[in-house]
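These notes are about the structure you will find just below.
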Amino acid sequence: MSELENKPVAAVEEAQEEEVESPDVHFKPIVELADVVVKTHEEDENEIFKMRAKLFRFDQEAKEWKERGTGDVKLLKHKENSKIRLLMRRDKTLKVCANHYITEEMVLSPNVGSDRSWVWNVAADLVDDEVERQLLAIRFANSENAGKFKVAFEDARDSNKKLAGSATESKPKEDEEKPKEAEEKSEDAEEKSEEAEKKD
């Protein structure tokens, strides 16, 4: 008789279970892949606001609201120029569904019949590498979150307005300096032409 026939049935089953439960299988990959660094273009920005929401856009042709995505809406402040933009990515796919700077023309207005959603116009929303004019609506889980978003949005708008104001104030000074430089150059040119005439 063989060894298996001499052992009791329970002992044989136990030995087989041990073999099945502890397989030591290891496969080496055929091709080694290097880690890929994915840039989100958020590396140079600080997150100043983040909250989960659902975004809609108004379709002019169909005359209805269409869902653009659900995810985290963020307000990001650039580290160098301090401009603030709104960015929203869809859950799981992380596809951009809203991406624009907050300008002084953007005014949040309450959506009809809801205290937890806001509507605003965007002159240039960059999504899918296309810049489009959009009417957007955003809805939050409750009115408290909607209120927090409004405060953060308006603070960002005021901050960007101040930055734009300081940029326009510095431009006239530069413009004033340019005519002075032009006058000096023209005077130098006149003097040179006068000296050239005297030599002749």
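So how far apart, in nm, are the two label points at E61 and E104 if each is 7 Å from Cα heading toward Cβ? Distance between label points: 3.6 nm. Positive end of the dipole of the stretch 32-101 (Cβ unit charges, origin at the Cα centre): among N81, V37, F58, the Cα lying farthest that way belongs to F58.
For the stretch 53-113, the gyration tensor built on C-alpha atoms gives an oblate shape. Its axis ratio a/c (a ≥ b ≥ c) is at least 1.5, and a/b is not larger than b/c. Remark: spin-label model distance D155-S114 equals 2.4 nm, labels positioned 7 Å along the Cα→Cβ axis.
Database remark: amide H of F49 closer than 5 angstrom to the amide H of L75 (H placed geometrically; neighbours at sequence offset of 5 or more, or on other chains; Pro and chain starts carry no H). For the stretch 61-154, a/c is less than 1.5, where a ≥ b ≥ c are the root eigenvalues of the C-alpha gyration tensor. That puts it in the rounded class.
Ordered from highest to lowest accessible area with the whole protein assembly present and a 1.4 Å probe, E132, E32 read as E32, E132.
Multiplying the residue separation of K95 and E144 by 0.36 nm and subtracting their alpha-carbon distance yields 15.0 nm.
May I ask which of K54/K161; K39/K63; K92/K161 have a Cα-Cα span longer than 30 Å here? From K54/K161; K39/K63; K92/K161, over 30 Å: K39/K63; K92/K161.
The values are calculated or read from the model by the stated rules, or taken from the named source; none is laboratory data. This one's a predicted model, so the numbers in the text were calculated from it and none came from an experiment. Quick reminder, even Gly has a Cβ in these numbers, built from the backbone with ideal geometry, and neighbours come from all protein chains shown. Remember, those area values only see protein heavy atoms, side chains included, never the ligands or the DNA or RNA. Shrake-Rupley method; radii C 1.70, N 1.55, O 1.52, S 1.80 Å.
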